[in-house]
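> Got a structure here, written out as structure tokens. Questions coming.
The values are calculated or read from the model by the stated rules, or taken from the named source; none is laboratory data. Treat the numbers as computed from the prediction; the structure is a model and nothing was measured. Here the Cβ is made from the backbone with ideal geometry for all residues, glycine too, and neighbour counts use every protein chain on show.
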Amino acid sequence: MDEFIIFTGNSNPALADKICEYLNVPLGGAVVKTFSDGEIQVEIEENVRLKDVFIVQSTCVPVNDTLMELLLMIDACNRSSAKRITAVMPYYGYARQDKKVAPRVPISAKLVADLLTVAGTKRVITMDLHAGQIQGFFSIPVDNLFVAPVFIEHIRANFPKELVIVSPDAGGVERARAYAKRLDADLAIIDKRRSAPNKAQAMAVVGDVRDKVAIILDDMVDTAGTLTEAAEAIKRAGAGEIHASCAHPVLSGPAVDRIDASCLKSVLVTDTIPLHEAASECKKISVLTIADIVGEAIIRSHTGDSVTSLFV
């Protein structure tokens with residue numbers, strides 16, 4: 001175990017502590033601070049020479065700062081002769097910008113991949129990528145983990161048999177179908193029209209939700225516009241109870257207020273992103289940890305065992 005070491009930046013130290021607790025190893029010492037003008041300074045306080053280094057850092061709010069912290073930590077370890085550096089990114093920022101949706105716009109997810117690779121990353125461990133093809137942006141191995149085992153175990157233990165899993169848009173159908181199959185539940189889809197970024201209007205429900213417990217399944221919740229519109233559409237279609245689950249609780253802007261005012265009974269999220277104060281006080285939002293899955297992926301990556309078998 002002394003051949004690998006885990007570090008973290010400032011984005012999600014609580015998750016890094018849980019991962020280290022699962023692996024029964026101490027968190028590596030690193031100082032990540034800023035100068036008065038906002039410039040980030042990094043100092044690794046452990047010997048990493050010829051060690052397998054894992055840096056746990058979700059590139060969440062403030063996205064640009066947390067991304068820069070990660071890049072500088074990777075560079076510091078690379079210049080200190082680390083054997084291999086793995087970026088453990090439970091939440092991959094800029095993942096929504098994975099293609100050109102208009103003329104003269106960047107493919108930001110690809111640029112982030114290039115930055116990580118050039119900095120010295122030899123492997124990436126991430127979770128529930130917004131688009132699976134982002135793995136192809138890298139020329140290094142990428143392990144895309146899934147929160148499904150955590151959510152499915154919780155749903156089986158806390159929800160009745162009469163379930164319907166709802167995809168809030170066409171892009172999430174494959175994910176929703178996989179959950180529905182493992183839970184022996186029905187499947188429904190929301191026909192959604194998006195008029196502008198962060199603005200969505202749910203139009204119709206495809207599938208039978210009447211008198212059933214509906215669980216809206218998404219990979220992330222940002223401003224919660226899509227989520228709450230979907231919940232209203234499901235309510236109009238006659239669902240008995242409406243819940244939601246998402247891997248990444250971005251919850252920016254009016255998200256918490258929208259969730260509070262909505263017909264959603266509960267919203268289940270994970271700790272890939274730490275909740276801000278307003279979200280942590282919202283009684284409808286509950287958090288499950290993904291530390292065990294990430295910790296298992298880290299140890300399997302280190303020993304060369306299969307990571308895919310975690311989800312079979």
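> Could you count how many residues in region 157-189 are touching a helix residue (DSSP H, G or I) at 6+ places or on another chain (Cβ under 7 Å), assigned to a helix (DSSP H, G or I) and more than 14 Å from PHE311 (Cβ to Cβ)?
The number of residues fulfilling the criteria is 1.
> Would you tally the residues in region 297-312 being hydroxyl-bearing (Ser, Thr, Tyr) and part of a loop (DSSP other than H, G, I, E, B)?
Number satisfying all stated conditions: 1.
> Can you name the residue in region 110-148 that is in a helix (DSSP H, G or I), among the polar types (S, T, N, Q) and more than 20 Å from PHE7 (Cβ to Cβ) and is also modelled with the lowest pLDDT among such residues?
Result: GLN133.
> Looking at GLU45, GLU21, can you tell me which residue is acidic (Asp, Glu) and closer than 18 Å to PRO274 by Cα?
GLU21
> Check whether at least one residue in region 284-306 is out of contact with any His (no Cβ under 6 Å at 6 or more places or on another chain) and farther than 30 Å from THR86 by Cα, and report yes or no.
yes
> Looking only at region 209-239, filter to residues that are farther than 24 Å from SER252 by Cβ and of a type in the set (A, V, I, L, M); which one of those is surrounded by the most Cβ atoms within 10 Å (Cβ to Cβ)? Full working, then the answer.
Step one: filter region 209-239 for residues farther than 24 Å from SER252 by Cβ, giving 209-214, 235-239.
The next check asks that each one be of a type in the set (A, V, I, L, M); those that pass are 209, 213-214, 237, 239.
Details: VAL209: 22, VAL213: 19, ALA214: 30, ALA237: 19, ALA239: 24.
Residue satisfying both the conditions and the ranking: ALA214.
> Is there any pair linking a residue in region 39-52 that is without any contact (Cβ under 8 Å) to a residue 24 or more places away in the chain to one that is part of a loop (DSSP other than H, G, I, E, B), with Cβ under 6 Å and at least six apart or on different chains, and which?
Filtered contacts from region 39-52: GLU45/GLY29.
> Next up: Can you confirm whether THR86 is under 16 Å from the mean Cα position of the chain (by Cα) and either crowded, with 17+ Cβ neighbours inside 10 Å or closer than 23 Å to GLU174 by Cβ (or both)?
Values: under 16 Å from the mean Cα position of the chain (by Cα): no; either crowded, with 17+ Cβ neighbours inside 10 Å or closer than 23 Å to GLU174 by Cβ (or both): yes.
No.
> Then there's this: Just to verify a result, which residue in region 256-296, among those that are closer than 15 Å to TYR91 by Cβ and not in a loop (DSSP other than H, G, I, E, B), is farthest from the chain's Cα centre (by Cα)?
In this case the residue turns out to be ALA279.
> Considering each residue of region 1-16, count those that are under 17 Å from MET89 (Cβ atoms) and surrounded by fewer than 21 Cβ atoms within 10 Å (Cβ to Cβ), and give that number.
3
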